[in-house]
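These notes concern the structure reproduced below.
The values are calculated or read from the model by the stated rules, or taken from the named source; none is laboratory data. The model shown is predicted, which means the values in this text are computed figures rather than measured ones. Note that we place each Cβ from the backbone using ideal geometry, even for glycine, and neighbour counts take in every protein chain shown. Heavy atoms of the whole protein, side chains included, go into the accessibility calculation; ligands, DNA and RNA do not. Shrake-Rupley method; radii C 1.70, N 1.55, O 1.52, S 1.80 Å.
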Amino acid sequence: MKLARIETDDGTVTGECDPETGIVDADGTRYAPDEYDLLAPCEPTALYCVGRNYAATIEQMDYDRPEEPDFFIKPPVSVLAPGAPIEYPAFTDELTYAGELAAVVDRECRDLREGEVDDAVRGYTIMNDLDALDQPGRTARKTFDGSAPLGPYLETDVDPTDLEMRTLVAGEERQSATTAQMLFSPREVISFLSERFTFRPGDVIAFGSPANPGLLERGDDVEITYEGVGTLRNTVA
């Protein structure tokens, strides 16, 4: 089942989504696609992001292979709605992308065993981990306003362990991989992070990206597709 958050004349609404016919909320009210704007599918208090989780990325960036998940945290102001323009930051000349699968937490939880993860996850969505490569340090590179386009939907019925993905930039394929190539599986990552943090409903855990050759230019359309989850589209302003 796909869930979506939308902005309507009635305010913010969450409901079951059919991309062709629209959104139906819990009361049975239907909103046609021309009656709303898509919002990010959740409102996280934090976005926990894993890096160096694909061998190809390690080779591309000449990183050491991690012995455990390597992570950083984006703040809520990083979230950008699907379809919203990506503002090219004035402080960088080297903006790049990373198409990532992301889990959304369903309830407050901590210290999860891998077998408990599925019960604590509401579903999966897509994140674009934007990166200003010429900035000093990962926080400066990755945690600016709008650096995490997120969406378009939340898929509640998908197994994250072997999903095909691809990223197109200006119509050119830049990424192609499967989540089976991750060094640490989504369930391993969530369990590992839950030993350190108390997750809140709506929090996001992103699992890293395969190698992403090339930079973004103003005017580029970015389309990230994960099998069974959907396609996240944004354009660089």
If a residue must be touching a residue at least 60 places away in the same chain (Cβ under 8 Å), under 17 Å from the mean Cα position of the chain (by Cα) and farther than 30 Å from R113 by Cβ, how many such residues does segment 182-223 contain? 3
Look at segment 198-237 and say how many of its residues are out of contact with any Lys or Arg (no Cβ under 8 Å at 6 or more places or on another chain), assigned to a strand (DSSP E or B) and open to solvent by 10 Å² or more (accessible area, probe 1.4 Å). 3
Can you spot a residue in segment 35-43 that is surrounded by 14 or more Cβ atoms within 10 Å (Cβ to Cβ), free of Cβ contacts under 8 Å to residues at least 60 places away in the same chain, touching a Pro at 6+ places or on another chain (Cβ under 8 Å) and not in a strand (DSSP E or B)? no
What is the residue count in segment 1-21 for residues that are at pLDDT 90 or above and of a type outside the set (A, V, I, L, M)? 10
Among the candidates E43, E35, E7, single out the residue that is closer than 30 Å to P210 by Cβ and of a type in the set (D, E, K, R). E43
Within segment 9-29, how many residues turn out to be in contact with a strand residue (DSSP E or B) (Cβ under 6 Å, 6 or more places away or on another chain) and either part of a loop (DSSP other than H, G, I, E, B) or open to solvent by less than 50 Å² (accessible area, probe 1.4 Å) (or both)? 7
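State all residues of segment 150-179 that are part of a strand (DSSP E or B), closer than 12 Å to E100 by Cα and touching a residue at least 40 places away in the same chain (Cβ under 8 Å); if no residue qualifies, say none.
Scanning segment 150-179 gives L150, G151, E164, M165, R166, T167, Q175, A177.
Any chance segment 161-169 includes a residue that's closer than 22 Å to E67 by Cβ and buried (at least 19 other Cβ atoms within 10 Å of the Cβ)?
Applying the first criterion (closer than 22 Å to E67 by Cβ) to segment 161-169 yields 161.
From what is left, the residues that are buried (at least 19 other Cβ atoms within 10 Å of the Cβ) are none.
The answer is no; no qualifying residue exists.
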Flagged pairs (Cβ under 9 angstrom, 6 or more apart or on separate chains; first in segment 90-112, farther than 15 Å from N53 by Cα; second crowded, with 19+ Cβ neighbours inside 10 Å and at pLDDT below 95) are T96/N212; Y97/S209; Y97/N212
Those residues of segment 67-114 which are open to solvent by 10 Å² or more (accessible area, probe 1.4 Å), closer than 18 Å to T139 by Cβ, more than 19 Å from the chain's Cα centre (by Cα) and not hydrophobic (A, V, I, L, M, F, W, C) amount to P89, E94
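What do you reckon, is A170 under 17 Å from the mean Cα position of the chain (by Cα) and either of a type outside the set (S, T, Y) or closer than 14 Å to K74 by Cβ (or both)?
Working: under 17 Å from the mean Cα position of the chain (by Cα): no; either of a type outside the set (S, T, Y) or closer than 14 Å to K74 by Cβ (or both): yes.
Against the criterion (under 17 Å from the mean Cα position of the chain (by Cα) and either of a type outside the set (S, T, Y) or closer than 14 Å to K74 by Cβ (or both)), A170 does not qualify.
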Every residue in segment 133-149 that is under 29 Å from I6 (Cα atoms) and either free of Cβ contacts under 8 Å to residues at least 60 places away in the same chain or open to solvent by 70 Å² or more (accessible area, probe 1.4 Å) (or both), please. D145
Test set (1) under 18 Å from the mean Cα position of the chain (by Cα); (2) hydroxyl-bearing (S, T, Y); (3) buried (at least 21 other Cβ atoms within 10 Å of the Cβ); (4) farther than 20 Å from E16 by Cα - T125 fails condition number: (4)
Kindly indicate the residue of segment 180-197 that is within 15 Å of L101 (Cβ to Cβ) and among the polar types (S, T, N, Q) and also least open to solvent (accessible area, probe 1.4 Å) among those meeting that condition. S185
